[in-house]
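K.L.:
Here it is, the structure in full.
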Amino acid sequence: MSLTENISLKAFWDALEQRLAACSADELRAILRAMAQETPPGERPAFLAKLEPVAEAITAQAITAQQEIAQEDLLADIEDLVSQIEATQADADDWEGETEWGGHDDEDSLGPYAEFAEPLARLFDRAAAAFDTGHLPLARDAYAALSEALTLEDDYGRGIRAYDVTGVDLREAGARYLRAVYETEPPASRPPAILAQMLRAPAWLSQPRPTLESLLQISPRPLPDRERFLADWIAFLRTQEGSAADAWLREAVRLAHGTAGLAALARDEGTTRPRAYLDWFTALAQEGKSREVLIAAQAALQTLPAGLPIRAAVADQLCAAAAKLDEPQAVRAGRWEAFLAKPTLPRLLDLWDAAPAGAERTALLRQAIQHLEDCLAHPPSQPVGFAMGEDDLERPVWVGKGTIAHADLLAEDFDAACELAGRAEVLSWSSSDHPQGLVVPFLLALLSGKTPGALPPNLAQLWQGAISTSAGFWPNVTTPGDSVPKRLERIYAELLARVSLDDNEGETLLAWCLEVAQRRVAAIVSGQHRKSYDKAALLTVACAEALRLRGRVGAAGTLLDDVRERFPRHRAFQTELNTALQKMERGLR
């Protein structure tokens, strides 16, 4: 376990007891001496105070008395702070109309509510203490009141939120609250009570969906009536709808019945609960059962409907297992299934990496192009975005022309790439979906006869910009540690080093690039898109560099002269052109 990894309270106490049991008295003394040596001088008295023997447990009457006093004080203090927050909110109109939030720092999003953050943190600490000392009704009421405080807002939608309360572990606070609700509810009403609180918890905790596991791990005490509750919880969740209820049902099945229970759930209800497959595969992988994962994932892909987006995640699990088993054919099959379900740029690159070089790879890429074009012609009927905190496993993807352009180039179908890019407008190359912004720089790099690392400066910048832009914001779906731009650089470097063109094909492609480039430059400069003058100059000189590398120095000069003469009055553009030319001249030295 990493020294910075979070550990649940139950796991912490269990580990502590295990270590204490394993140590002799002399070993414990050595540990304490080592801790004492590391104690700063100012903290030595406090360290020694902690070594006093724990007093005998106080009487039940004293506990009851202390609990009543603590309950009265804690709840009253929370109520008092809530009253102060509400009073501040009543004055919202006054400070809202003043400059910089009524004298508060413009960068301080809390404004007048900042003074409540520290008192709220202390109240959370006191609620945690009530829970840890077994005062569960008090803890439940305190956390409920604190949750209400964090939902208060004025007429402008402002207030103090959980993420403003620093120094409080909100996951643990939520888990303590749920555990307190559980232990103070009658067994028959626990499932609906727990569900109600779990559904509202993210609204005030600003944390990911709470889990039953957190409720179990927040206390070293065993969960009362665990087996009965899990059975009731599963039965109750089966009557509920929504992704949250489905997630909690799958978690409960795992806790109650382990991997075998997840297997049964997936086999029986996988078509309606497809994430059960993923939970099952994850459990098998944690047990080191890669062969079982591979077989089960293959069966799942046979069962789940074609076109279901979550099939991509199932295929990813298949590929991970197949890679561990060193079965490249199964990896290739899985990559193809993942691409069919979610035809994205990263998954297109997965196909390239998984397929053997040569005719088999080219044939696979041509199949991918056909699938991409079909998807482009028939876009998803449902939204593809997803809310904050959700994943996109069950969301379809939009296929853009930029991905098709990549596929055309990787399949070495340069005519198709030119046809696709030629139909696009010559502006908006900054969009990852714009095919021209990729195709023109690639072809200029190819026509130069140089590898990416040896390109002249303007052409190198143009190509690097094309890689960065066309990569978009795709996450690294299946290749952690290897970003999409890095993958594109590697793959295209391999392609540029291998592909050669005959003279006729080269001249045809060069003429097309020059024609598109001239139209783009004219559109930028004539349209006075001043912020893009540097882009027009970069493209112009990159074309000249490509011409020079092909031995056409005169044509390069003519191109530059024509551009200069066409826009003599656009001084800002002429300045950018001079800058690009100076860069080219430095590169020739």
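The values are calculated or read from the model by the stated rules, or taken from the named source; none is laboratory data. Quick caveat, the model's predicted, so the values are computed rather than measured. Cβ coordinates were reconstructed from backbone atoms using ideal geometry, including for glycine residues, and neighbour counts include every protein chain displayed.
K.L.:
Determine, yes or no, whether P187 is over 30 Å from the mean Cα position of the chain (by Cα) and in contact (Cβ under 8 Å) with a residue 60 or more places away in the chain. Write out each step before concluding.
P.N.:
Working: over 30 Å from the mean Cα position of the chain (by Cα): yes; in contact (Cβ under 8 Å) with a residue 60 or more places away in the chain: no.
Here the answer is no, as P187 does not meet what is asked.
K.L.:
Would you mention how many residues in the stretch 130-165 are touching a residue at least 24 places away in the same chain (Cβ under 8 Å), assigned to a loop (DSSP other than H, G, I, E, B) and over 30 Å from the mean Cα position of the chain (by Cα)?
P.N.:
4
K.L.:
In addition: Please indicate, with yes or no, whether at least one residue in the stretch 267-275 is of a type outside the set (D, E), closer than 27 Å to R200 by Cα and without any contact (Cβ under 8 Å) to a residue 40 or more places away in the chain. Reasoning before the result, please.
P.N.:
If we filter the stretch 267-275 for residues that are of a type outside the set (D, E), which is where we start, we get 267, 270-275.
Next, only the ones that are closer than 27 Å to R200 by Cα stay: 272-275.
Keeping just the survivors that are without any contact (Cβ under 8 Å) to a residue 40 or more places away in the chain gives 272-273.
Yes, the stretch 267-275 contains a residue that is of a type outside the set (D, E), closer than 27 Å to R200 by Cα and without any contact (Cβ under 8 Å) to a residue 40 or more places away in the chain.
K.L.:
When the residues of the stretch 524-534 are narrowed to those that are part of a helix (DSSP H, G or I) and exposed (fewer than 15 other Cβ atoms within 10 Å of the Cβ), which ends up farthest from the chain's Cα centre (by Cα)? Walk me through it before giving the result.
P.N.:
Pass one, the stretch 524-534, residues part of a helix (DSSP H, G or I): 524-526, 530-534.
Add one more test, that the residue is exposed (fewer than 15 other Cβ atoms within 10 Å of the Cβ), and what stays is 526, 530-531.
On the way: S526: 42, R530: 36, K531: 32 Å.
So, considering only residues that are part of a helix (DSSP H, G or I) and exposed (fewer than 15 other Cβ atoms within 10 Å of the Cβ), the one farthest from the chain's Cα centre (by Cα) is S526.
K.L.:
Pick from the stretch 307-331 the residues that are hydrophobic (A, V, I, L, M, F, W, C) and without any contact (Cβ under 8 Å) to a residue 24 or more places away in the chain: which of them is surrounded by the fewest Cβ atoms within 10 Å (Cβ to Cβ)?
P.N.:
Kept after step one, since they are hydrophobic (A, V, I, L, M, F, W, C), are these residues of the stretch 307-331: 308, 310, 312-315, 318-323, 325, 330-331.
Those still in the list that are without any contact (Cβ under 8 Å) to a residue 24 or more places away in the chain too: 323, 331.
Details: A323: 17, V331: 22.
Among those that are hydrophobic (A, V, I, L, M, F, W, C) and without any contact (Cβ under 8 Å) to a residue 24 or more places away in the chain, it is A323.
K.L.:
Do you know which residues across the stretch 207-220 are part of a loop (DSSP other than H, G, I, E, B), free of Cβ contacts under 8 Å to residues at least 60 places away in the same chain and in contact with an Asp or Glu (Cβ under 9 Å, 6 or more places away or on another chain)? Working first, answer last.
P.N.:
Initially, the stretch 207-220 is screened for residues part of a loop (DSSP other than H, G, I, E, B), giving 207-211, 218-220.
Narrowing the set further to residues that are free of Cβ contacts under 8 Å to residues at least 60 places away in the same chain leaves 207, 210-211.
The answer is T211, and nothing else.
K.L.:
Another question, if that's okay. Within the stretch 77-94, identify whether any single residue is outside any helix (DSSP H, G or I), modelled with pLDDT of 75 or more and exposed (fewer than 10 other Cβ atoms within 10 Å of the Cβ), and answer yes or no.
P.N.:
Restricting attention to the stretch 77-94, the residues satisfying the condition of being outside any helix (DSSP H, G or I) are 91.
Cutting the leftovers down to modelled with pLDDT of 75 or more gives us none.
No.
K.L.:
Can you pull out the residues in the stretch 139-196 that are acidic (D, E) and closer than 21 Å to F124 by Cβ? Give the steps one after another, and end with the answer.
P.N.:
To start, the set of residues in the stretch 139-196 that are acidic (D, E) comprises 141, 148, 153-155, 164, 169, 172, 183, 185.
The answer is D141, E148, E153, D164, D169, E172, E183.
K.L.:
Among the numbered criteria (1) within 30 Å of K342 (Cβ to Cβ); (2) in a loop (DSSP other than H, G, I, E, B); (3) touching a residue at least 12 places away in the same chain (Cβ under 8 Å), which one does D482 miss?
P.N.:
(3)
K.L.:
What residue, of E327, E360, E419, is assigned by TED's automatic domain parsing to the domain that holds R291, of a type in the set (D, E) and more than 28 Å from the chain's Cα centre (by Cα)? Give the derivation first.
P.N.:
On the way: E360 fails: assigned by TED's automatic domain parsing to the domain that holds R291; E419 fails: assigned by TED's automatic domain parsing to the domain that holds R291.
Just one listed residue meets the conditions, E327.
K.L.:
How do the helices (runs of 4 or more DSSP H) wholly within the stretch 374-460 filter down when requiring 3 or more residues that are at pLDDT below 90: which remain?
P.N.:
Details: elements: 401-410, 414-422, 436-448.
Ranges flagged: none.
K.L.:
Listed residues A542, A471, A537, A493; which is out of contact with any strand residue (DSSP E or B) (no Cβ under 6 Å at 6 or more places or on another chain), surrounded by fewer than 17 Cβ atoms within 10 Å (Cβ to Cβ) and under 18 Å from L438 (Cα atoms)?
P.N.:
On the way: A542 fails: surrounded by fewer than 17 Cβ atoms within 10 Å (Cβ to Cβ); A471 fails: surrounded by fewer than 17 Cβ atoms within 10 Å (Cβ to Cβ); A537 fails: surrounded by fewer than 17 Cβ atoms within 10 Å (Cβ to Cβ).
Among A542, A471, A537, A493, only A493 is out of contact with any strand residue (DSSP E or B) (no Cβ under 6 Å at 6 or more places or on another chain), surrounded by fewer than 17 Cβ atoms within 10 Å (Cβ to Cβ) and under 18 Å from L438 (Cα atoms).
K.L.:
Continuing with this model, one more query. Residue by residue through the stretch 258-295, note down the ones that are aliphatic (A, V, I, L, M) and over 16 Å from A323 (Cβ atoms). Please lay out each step first, then the result.
P.N.:
Initial filter on the stretch 258-295 (aliphatic (A, V, I, L, M)): 260, 262-266, 276, 278, 283-285, 293-295.
Once the filter is applied, which keeps residues that are aliphatic (A, V, I, L, M) and over 16 Å from A323 (Cβ atoms), the stretch 258-295 yields A260, L262, A263, A264, L265, A266, A276, L278, A283.
K.L.:
While we're here: Being over 25 Å from S483 (Cα atoms), among the charged types (D, E, K, R) and over 23 Å from the mean Cα position of the chain (by Cα), is that true of even one residue in the stretch 374-383?
P.N.:
Among the residues of the stretch 374-383, at least one is over 25 Å from S483 (Cα atoms), among the charged types (D, E, K, R) and over 23 Å from the mean Cα position of the chain (by Cα), which makes the answer yes.
K.L.:
Looking at (1) surrounded by fewer than 19 Cβ atoms within 10 Å (Cβ to Cβ); (2) assigned to a loop (DSSP other than H, G, I, E, B); (3) in the same structural domain as A129 (by TED's automatic domain parsing), which one does P192 not meet, given that it meets all the others?
P.N.:
Of the numbered conditions (1) surrounded by fewer than 19 Cβ atoms within 10 Å (Cβ to Cβ); (2) assigned to a loop (DSSP other than H, G, I, E, B); (3) in the same structural domain as A129 (by TED's automatic domain parsing), the odd one out for P192 is (2).
K.L.:
Still on this model: Counting only residues that are of a type in the set (V, I, T) and part of a helix (DSSP H, G or I), which one in the stretch 485-523 is farthest from D413 (Cα to Cα)? Talk me through it step by step, then tell me what you get.
P.N.:
First, the residues of the stretch 485-523 that are of a type in the set (V, I, T): 491, 499, 508, 516, 521.
Checking which are part of a helix (DSSP H, G or I) leaves us with 491, 508, 516, 521.
Numbers: I491: 16, T508: 14, V516: 18, V521: 26 Å.
Among residues in the stretch 485-523 that are of a type in the set (V, I, T) and part of a helix (DSSP H, G or I), the one farthest from D413 (Cα to Cα) is V521.
K.L.:
Mind listing whichever residues of the stretch 545-561 are assigned to a helix (DSSP H, G or I) and surrounded by 13 or more Cβ atoms within 10 Å (Cβ to Cβ)? Even if it seems obvious, please write down each step before you answer.
P.N.:
Of all residues in the stretch 545-561, those assigned to a helix (DSSP H, G or I) come to 545-549, 553-561.
Passing the criteria: E545, A546, L547, R548, L549, A555, A556, G557, T558, L559, L560.
K.L.:
Quick one: in the stretch 221-237, which of the residues that are loosely packed, with under 12 Cβ neighbours inside 10 Å and in a loop (DSSP other than H, G, I, E, B) is farthest from the chain's Cα centre (by Cα)?
P.N.:
The qualifying residue farthest from the chain's Cα centre (by Cα) is P224.
K.L.:
Kindly list the number of the only condition in (1) more than 29 Å from V253 (Cα to Cα); (2) touching a residue at least 12 places away in the same chain (Cβ under 8 Å); (3) surrounded by fewer than 18 Cβ atoms within 10 Å (Cβ to Cβ); (4) among the hydrophobic types (A, V, I, L, M, F, W, C) that fails for L199.
P.N.:
All conditions are met except number (1).
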